[in-house]
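The values are calculated or read from the model by the stated rules, or taken from the named source; none is laboratory data. Please read all numbers here as calculations on a predicted model, not as lab measurements. Backbone-built Cβ (ideal geometry, glycine too); neighbour counts: all protein chains shown. Note: areas computed on protein heavy atoms with side chains; ligands, DNA, RNA excluded. Shrake-Rupley method; radii C 1.70, N 1.55, O 1.52, S 1.80 Å.
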Amino acid sequence: MSAASRKTATRSANNLPQSGGAKDVDVPELGRRLLTRSRLNAWGAFLTAHKALETILNRELESACGLPLTWFDALAQLRMAPGERLTMTQLASALLFSKSGLTRLIDRMVETGLVQRLARPGDRRSLHIALTDAGEEKFRQALPIHLDHVKRHFAAYIEDGEARAVESALVRMASAVRRESGL
């Protein structure tokens, strides 16, 4: 949404009647202003592209090197972290996983030797999840494969000017969603 559109939407929302609660808000009118045909079309295209990309990237990465996309994402987050380690809370936030879902994922990755649980110095109650040498090697093997898949299935269909606009919009949305969800 452009700055002018945000100002208009904010101004319009601010001009809604405040007394009497939600029943005074003209929800259909507000919805028409925000959910334009082009925004709904963008939403549908985003959902379709996201699901299709996730499916094909997972299938191709797992086929090429035996690494599911969620495992690759976890290894990538650990690889970028200081000391190649994160707490479970930090990793769950980075991956947008529930703690229970992440525990199951990490259990499987520990079993295969890609990550390890380490005690945190000075805090015996919590653990760090750390990349192992095998995890580092698997990440190095998978990275060029994954980047090739991203290039073929995403980058090939988007122009540089479009990429900047898509990035800007998605970063704004991701920031807002993270704030709203407490992540």
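Output the residue which, of all residues in the range 97-119 that are within 16 Å of Trp71 (Cα to Cα) and hydrophobic (A, V, I, L, M, F, W, C), is modelled with the lowest pLDDT. Please lay out each step first, then the result.
We begin by selecting, within the range 97-119, every residue within 16 Å of Trp71 (Cα to Cα); these are 97-117.
If we keep only those that are hydrophobic (A, V, I, L, M, F, W, C) as well, we get 97, 102, 105-106, 109-110, 114-115.
Values: Phe97: 80, Leu102: 90, Leu105: 94, Ile106: 95, Met109: 97, Val110: 97, Leu114: 97, Val115: 97.
Among residues in the range 97-119 that are within 16 Å of Trp71 (Cα to Cα) and hydrophobic (A, V, I, L, M, F, W, C), the one modelled with the lowest pLDDT is Phe97.
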Being modelled with pLDDT under 95 and touching a helix residue (DSSP H, G or I) at 6+ places or on another chain (Cβ under 7 Å) narrows it down to one of Leu67, Leu86, so name that one.
Leu86
Test: residue in the range 103-115 that is farther than 20 Å from Phe46 by Cα, in a helix (DSSP H, G or I) and in contact (Cβ under 8 Å) with a residue 60 or more places away in the chain
no
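Can you pull out every residue in the range 88-119 that is aliphatic (A, V, I, L, M) and open to solvent by 80 Å² or more (accessible area, probe 1.4 Å)? Please lay out each step first, then the result.
Within the range 88-119, the first condition is being aliphatic (A, V, I, L, M), and the residues that meet it are 88, 91-92, 94-96, 102, 105-106, 109-110, 114-115, 118-119.
The answer is Leu96, and nothing else.
Looking at Ala174, Ala94 in this structure, which one is touching an Asp or Glu at 6+ places or on another chain (Cβ under 9 Å), part of a helix (DSSP H, G or I) and at pLDDT below 90?
Numbers: Ala174 fails: touching an Asp or Glu at 6+ places or on another chain (Cβ under 9 Å).
Answer to the check: Ala94.
Restricting the range 120-130 to residues that are at pLDDT 85 or above and open to solvent by 20 Å² or more (accessible area, probe 1.4 Å), which is nearest to Ala94 (Cα to Cα)?
Checking each candidate, the answer is His128.
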Restricted to the range 37-87 and to residues being in a loop (DSSP other than H, G, I, E, B) and without any contact (Cβ under 8 Å) to a residue 24 or more places away in the chain, the residue surrounded by the fewest Cβ atoms within 10 Å (Cβ to Cβ) is Gly66
Scanning the range 142-179 residue by residue, the ones that are under 13 Å from the mean Cα position of the chain (by Cα) and among the charged types (D, E, K, R) total 3
Anything in the range 84-98 that is closer than 17 Å to Glu180 by Cα and aliphatic (A, V, I, L, M)? List them, or say none.
Ala92, Ala94, Leu95, Leu96
